[in-house]
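The values are calculated or read from the model by the stated rules, or taken from the named source; none is laboratory data. All of these numbers come straight from a predicted model, not from anything done at the bench. So basically every Cβ, Gly included, is an ideal-geometry build from the backbone, and we count neighbours across all protein chains shown. Quick note on the areas: whole protein, heavy atoms, side chains included, nothing else; ligands and nucleic acids left out. Shrake-Rupley method; radii C 1.70, N 1.55, O 1.52, S 1.80 Å.
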Amino acid sequence: MQSVFQKKLVRGVAGALMALALGANAADAKFVLVSHAPDSDAWWNTIKNAIKEAGQDFNVEVDYRNPPNGDLADMARLIEQSAARNYDGVVASIADFDALKGAMAKVTAKKIPLITINSGTTKQSEQLGAIMHVGQPEYEAGKGAGLKAKAAGIKSFLCVNHYATNPASFERCRGFADAIGVDYKKSTIDSGDDPTTIESKVSAYLRNNADTQAVLTLGPTSAEPTIKALQKMGKYGKLWFATFDLSSEIGKGIKQGGIQFAIDQQPYLQGYIPIAVMAIMKRDKTTDLAKVQAALKADKKFQYRLSEYGLAPAYGPRHIGSGPGFVTKDNISKVEKYAGQYR
């Protein structure tokens, strides 16, 4: 039989081993990503997957928070709450610079690292005091798509904006319109994000503007109901149709020829890179972005993710571009495997 001393010793050793085990698995830091997306926007699932994998690769914990209905006042409150909770770093989209700058100032005032993603510009990011911006230049992406349309002879279009609450979204429509030489305001509808409403508004616009030659949608939320509207009107495959972002339905449309291409901003990078950058900064105790980027490029787990998912960041001295890229019939097979998950 064990003596009382032996029993205490065994319990002590077991407790010490348990503490060591827990310590080995404990997260090195805790970050949060705050998006402007409502719960109904499935496009952000790719970013959710990205922050999860970045957390695994760099042994950090990452929360995802968003306003359920896409209300920017709610988003601002979520950012303020993130500052109050003293996260080791905050990632946020610049859905509306003026509406969010006050909330983001509370983050930087506490010396909490801030990285901006997705919507907004690099200039706005710098004004907010962010470390960097990871995203796709919206106007340039829209213009790039518009130039392809112009080359195809397009002179009129409809831009279906399902998240008009985000002012930066109109930059996509404006870029496309400028490329083909039309007024984007007259060519853009605020469709809302309800599928039935989107389908109805697209149909109504095309009936009232029968000379419309092309349609541009800003993501799967508006693309998929638009496909249905065009099919019912007998215009699918006849109107020139392009969209931002990817989904399995969009991939199917590209292969069938109903959609010319998808403008891919590689959202996975918008989730993964900010978490990786902040984790490296904390781990290596450095704010030198050249050193941070070098460490990121040398990270084997990150490089595996890029190779596996077919992703390519555009590194700048400070900011990192996640797009745009164009997914067509020629390269759809390379990305459709991961559409909606990692692409």
Exercise for review: Could you please find all residues in region 25-49 being open to solvent by 10 Å² or more (accessible area, probe 1.4 Å) and more than 27 Å from residue 225 (Cβ to Cβ)?
Suggested key: 25, 26, 27, 28, 30
Review point. Do we find that residue 50 is at pLDDT 95 or above, of a type in the set (A, V, I, L, M) and within 30 Å of residue 191 (Cβ to Cβ) in this structure?
Key: yes
**Study point:** Among (1) of a type outside the set (Ser, Thr, Tyr); (2) open to solvent by 10 Å² or more (accessible area, probe 1.4 Å); (3) closer than 19 Å to residue 261 by Cβ; (4) assigned to a strand (DSSP E or B), the one test that residue 215 misses
**Key:** (2)
Revision key, fill the gap. Subset of region 79-102, residues outside any loop (DSSP other than H, G, I, E, B), open to solvent by less than 20 Å² (accessible area, probe 1.4 Å) and more than 13 Å from residue 30 (Cβ to Cβ), comes to 79, 83, 92, 93, 100
Exercise for review: Inspect region 256-266 for any residue being open to solvent by 10 Å² or more (accessible area, probe 1.4 Å), under 30 Å from residue 151 (Cα atoms) and free of Cβ contacts under 8 Å to residues at least 60 places away in the same chain and give the result as yes or no.
Suggested key: yes
Check your understanding: Here are 242, 168, 164: which of them is in a helix (DSSP H, G or I) and open to solvent by less than 60 Å² (accessible area, probe 1.4 Å)?
Key -> 168
Review point. Does region 189-208 include one or more residues that are among the β-branched types (Val, Ile, Thr), surrounded by fewer than 17 Cβ atoms within 10 Å (Cβ to Cβ) and over 27 Å from the mean Cα position of the chain (by Cα)?
Key: no
Exercise for review: Answer yes or no as to whether residue 121 is touching a His at 6+ places or on another chain (Cβ under 8 Å) and open to solvent by 10 Å² or more (accessible area, probe 1.4 Å).
Suggested key: yes
Review point. Residue check: is residue 87 under 30 Å from residue 156 (Cα atoms) and of a type outside the set (Asp, Glu)?
Key: no
**Study point:** Any pair with Cβ under 7 angstrom, 6 or more apart, that starts in region 179-207 at a residue that is of a type in the set (S, T, N, Q) and ends at one that is open to solvent by 50 Å² or more (accessible area, probe 1.4 Å)
**Key:** 188/170; 191/197; 191/201; 203/233
Review point. Does at least one position in region 128-144 carry a residue that is farther than 30 Å from residue 320 by Cβ and aliphatic (A, V, I, L, M)?
Key: no
**Study point:** Criterion: open to solvent by 30 Å² or more (accessible area, probe 1.4 Å), among the aromatic types (Phe, Trp, Tyr), under 30 Å from residue 60 (Cβ atoms) and part of a loop (DSSP other than H, G, I, E, B) - qualifying residue of 342, 236
**Key:** 342
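Quick one: in region 103-136, which of the residues that are outside any loop (DSSP other than H, G, I, E, B) and of a type in the set (D, E, K, R) is farthest from residue 62 (Cα to Cα)?
Residues of region 103-136 that are outside any loop (DSSP other than H, G, I, E, B), as a first pass: 103-109, 114-117, 122-127, 133-135.
Checking the rest, the ones that are also of a type in the set (D, E, K, R) come to 106, 123, 126.
Numbers: 106: 20, 123: 26, 126: 23 Å.
Looking at the filtered set, the residue picked out is 123.
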**Study point:** Hits in region 50-72 - residues which are open to solvent by less than 50 Å² (accessible area, probe 1.4 Å) and either of a type in the set (Asp, Glu) or assigned to a helix (DSSP H, G or I) (or both)
**Key:** 50, 51, 53, 54, 55, 57, 58, 63, 72
